[in-house]
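Okay, so here's the structure we're looking at.
Rule-based calculations on the coordinates, nothing more; no lab input. Because the structure is a prediction, the values reported are computed rather than measured. A quick note on method: Cβ atoms are made from the backbone with ideal geometry, for glycine too, and the neighbour counts reach across all protein chains shown.
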Amino acid sequence: MPIQLLPPEVASQIAAGEVVERPASVVKELLENSLDAAASHIVINVEGGGQRLVEVSDDGNGILEGEIAMAVERHGTSKLTSAEDLFQISTLGFRGEALASIGSVSRMTLTSRSPDSEVGASIRVEGGALGPVQRIGVPVGTVVQVEDLFYNLPARRKFLKRETTERRVIDEMVTRYALSYPGVRIHLRQDGRISLQTGGKGDRREVLASLYGFEIARQMLEVLALEDDLGIHGFISPPSLTRSNRREIVLFVNSRPVQDITLVTAVLKAYHTYLMTGRYPMAVLFLEIPLGEVDVNVHPTKAEVRFRDPDKVFTGLQRAVRRALLAHTPVSGFNVQMRWSPDQASSMFQSTSGFPGDPLSFSHENKSSEENQSAVVIPSGLRPQQITQPPSLGTPILRLVGQIASTYLVAEGPDGLYLIDQHAAHERVLYEKFMSQRTAAGKSPLPSQALLQPVTIELTIASARLIEEQLRLLSDLGFEIDQFGRSTFLVRAIPELLAGRDPAQALRVLVEDFEEDETPLQNEAEARIVARICKRLAVKAGQALSAEEQYALVHDLEACQQPRNCPHGRPTMIHLSVDLLERQFGRRGAR
Ligand code: ADP
Ligand code: MG
């Protein structure tokens, strides 16, 4: 093919692809424009996950009739005049691309009136084609309506996420701007329902409460630090309030929400040793840095920034968070490192024996001191027992030996030693019980147990959406949940299998781990939800189990169809074969 210049429509659609990745990008760009226009009240209406309609109205400073056509042209901007300005950007927008890009892949109407004009003006753009500018009587401010996004790009439409996913992403995104601009009243309505509403009173903690719920907002710790010209303020969760992913670490640079893996790492580092592995803090942190120190023109969607001195920002942030944590949490006691020595061995055996309430108190038998070095606690009452029930395929017959480190069970099988991870094993057991009940129940819901006292749970808006999406499935599983308002739920009953467990916790786990863009099939969703519930409810590592509990666990594990892995795929047991032991002890093979 000869080299030729692309027709302008094609070029503009290619460029649009960078800015408008998905419906949420439209919401983001329009919202940014309204914020740049110093609006005090912004109303966002979204239908069909943004694909059918995104409409953003504001009471900001509007556009003059003579400039409205330019606003929808590529590189039409009032926020930048020279290349040098790029390093003094104080607005969210500056590329002059958003309206042009959106207009080239949708049917867009821009209507605006500046306070200096008597009347407003309106222009329509369809697939990049500009209509005439029309005068129209409207209040001061701007309304942008974007309909049928990607109507002229069917290939693109195929790649869109499910509507529910998009709704959630939009919620989350608007939430971030609401946090960053507490002085602006922001209303977000999706398919006719209010999904977010802020008062615009300028109080960040109040915004935090309207977004995350009162309880979480109350617990969040305040960060306030100024080092040289780097200001850091915002909120972080105390070590007791954690999440299973890092998605709720939200960072802003000069009011702009940014995605920056190094900054997130700085926050995580500050929490080092405060959190268990696999748990993450929540954080909403605002970095204020001189405009010249940060390059915002790194990415078409402006989600990434570059710092002139990244190390300074990294250490500053880490220190600020660490200080806030130290100020709010009592210094923990000495971290006593227990060293294992033969002398201590016997006394340690004593101290672990006889858990409160344990009918079979643990004792070690008279052994030589050599034997005492073994770390295995032997529940004497159990030693002679054999598991009588015939095992299902894939599991050896196990004889329980005991528990070590309050985390692993030791068992002897026909071919050597088995170390069982009690948490993973219990997860598997619960999971299979759940699923087999589910199969047995057919189409009818699982038996549930009503709570004496219904439990109220307050969730973030995004989490509430997740629960909403799965309400039917949850009721099939035996939950009875009513929704109150936007993000409050009342749990009336929980699955019988979970009787006695904390219903709030059971529900919370469901929403915590959902990956942003997962679109599971319904039956996968069920298995995943069940797996997640089981994970949370299973006994934890570090939890001392009574001899009976240990026994029951091994027994139940044997009855499982896939006893060797937890529902998340981690192994439940490690096998040390007699053969391996013999080699290790030099009884066999190379000496
Ligand atoms: P940018 O925001 O990068 O300048 P846009 O394409 O988003 O580019 O917008 C083009 C111009 O249209 C803006 O520079 C601004 O002057 C004007 N504009 C867009 N939206 C609004 C609004 N809601 N209120 C006032 N002016 C607006
Ligand atoms: Mg813009």
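Gly120's amide H: which non-local residues (gap 5+, or another chain) put their own amide H closer than 5 Å, with H modeled 1.01 Å from N in plane and none for Pro or chain starts?
Under 5 Å from the amide H of Gly120: Ile136, Gly137, Val138.
List, in order, the whole-Hz ³J(HN,Hα) value for each residue of the range 302-315 obtained from phi through the Karplus relation with A = 6.51, B = -1.76, C = 1.60 and θ = phi - 60°; use x for Gly and Pro.
6, 7, 10, 9, 10, 9, 5, 10, x, 4, 4, 5, 4, 5
Under a Cβ-Cβ cut-off of 9 Å, what is the net charge of the residues other than Met108 that fall near it, where Lys and Arg count +1 and Asp and Glu count -1? Write out the running numbers ahead of the final one.
Numbers: positive: Arg107, Arg124; negative: Glu126, Glu147.
Counting the neighbours of Met108, the net charge comes to 0.
What nm value, rounded to one decimal, do you get for the distance between Arg570 and Arg189 when each label is placed 7 Å out toward the C-beta?
Taking the two extended label points, one gets 4.7 nm.
State which entries of Lys161/Lys540; Lys28/Lys269; Lys28/Lys161; Lys433/Lys540; Lys28/Lys158 exceed 27 angstrom in Cα-Cα distance in the structure shown.
Cα-Cα > 27 Å for Lys161/Lys540; Lys28/Lys269; rest within.
Report the Cα centroid-to-centroid distance between the range 106-136 and the range 211-226 in angstrom, as an integer.
42
Please compute the net charge surrounding Arg438, taking Lys and Arg as +1 and Asp and Glu as -1 over other residues with Cβ under 9 Å from its Cβ.
That works out to -2.
Once amide H atoms are placed 1.01 Å from N in the peptide plane, what residues at a sequence separation of 5 or more from Gly416, or on another chain, have their amide H within under 5 Å of its amide H?
When sequence neighbours closer than 5 places are left aside, the close amide H contacts are Val578.
Which GluC sites (Glu not before Pro) from the range 14-118 combine a DSSP loop assignment with at most 12 other Cβ atoms within 10 Å? Don't skip to the end; give the middle numbers.
Working: sites: Glu18, Glu21, Glu29, Glu32, Glu47, Glu55, Glu65, Glu67, Glu73, Glu84, Glu97, Glu118; in loops: Glu21, Glu73, Glu97, Glu118.
Here the GluC sites (Glu not before Pro) that fit, given the DSSP loop and packing criteria, are Glu118.
Starting from the Cα-Cα distance between Val578 and Glu548, subtract it from 0.36 nm times their residue separation and give me the gain in nm to one decimal.
Value of the extension gain: 8.1 nm.
Could the peptides 418-431, 151-164 be put in order, highest first, of the mean number of other beta-carbon atoms found within 10 Å of their residues?
Listed from highest to lowest mean packing, they are 418-431, 151-164.
Would you kindly state how much longer the chain becomes between Arg162 and Ala405 on full extension, computed as 0.36 nm times their sequence separation minus their alpha carbon distance, in nm to one decimal? Write down the numbers at each step before the final one.
Working: separation 243, 0.36 × 243 = 87.48 nm, distance 4.54 nm.
Between Arg162 and Ala405, full extension yields 82.9 nm more.
Just the ratio, please: alpha-carbon radius of gyration of the range 465-505 over 2.2 N^0.38 Å, N its number of residues. Can you show the working numbers first?
Details: Rg = 10.1 Å, N = 41, 2.2 N^0.38 = 9.0 Å.
Rounded to two decimals, the normalised Rg is 1.12.
Could you size up the charge dipole of the range 173-288 around its Cα centre, putting +1 on the beta carbon of Lys and Arg and -1 on that of Asp and Glu, and report it in debye to the nearest 20?
On the way: 14 positive and 11 negative charges, 106 e Å.
The calculated dipole for the range 173-288 is roughly 520 debye.
Please compute the length gained on full extension between Leu130 and Ser255, using 0.36 nm multiplied by the number of residues separating them and subtracting their Cα-Cα distance.
Details: separation 125, 0.36 × 125 = 45.00 nm, distance 3.29 nm.
Gain on stretching Leu130 to Ser255: 41.7 nm.
Which whole-percent values make up P(r) of the range 12-131 when all C-alpha to C-alpha distances are grouped in 5 Å steps starting at zero?
2, 12, 20, 26, 23, 13, 4, 1, 0
Which order do the peptides 203-214, 433-444, 168-179 take when ranked by the mean count of other beta-carbon atoms within 10 Å per residue, highest first? Display every interim value, and only then the final one.
Details: 203-214: 19.2, 433-444: 13.0, 168-179: 23.5.
Going from most to least packed, we get 168-179, 203-214, 433-444.
Within 9 Å, Cβ to Cβ, of Thr572, how many net charges do the neighbouring residues add up to if Lys/Arg are +1 and Asp/Glu are -1?
Net local charge, Thr572 excluded: +1.
For the range 196-249, what is the convex hull (Cα atoms) projected area averaged across all directions, in square nanometres?
4.9
Through the Karplus equation 6.51 cos²θ - 1.76 cosθ + 1.60, θ set to phi - 60°, convert the phi angles of the range 141-158 into ³J(HN,Hα) values in whole Hz; use x for Gly and Pro.
Going residue by residue, I get x, 9, 10, 10, 10, 10, 10, 6, 4, 6, 4, 9, 10, x, 4, 5, 4, 5 Hz, with x marking Gly and Pro.
Rank by packing, highest mean first: peptides 484-490, 547-553, with packing defined as the count of other Cβ atoms within 10 Å averaged across residues.
Numbers: 484-490: 16.0, 547-553: 19.3.
The packing order, highest mean first, is 547-553, 484-490.
How many nm separate the modelled label positions at Arg279 and Ile397, each set 7 Å beyond the Cα in the direction of the Cβ?
4.2
From the phi of every residue in the range 462-468, what ³J(HN,Hα) in whole Hz does the Karplus formula 6.51 cos²θ - 1.76 cosθ + 1.60 yield, where θ is phi - 60° and glycine or proline is x?
5, 5, 4, 4, 4, 5, 3
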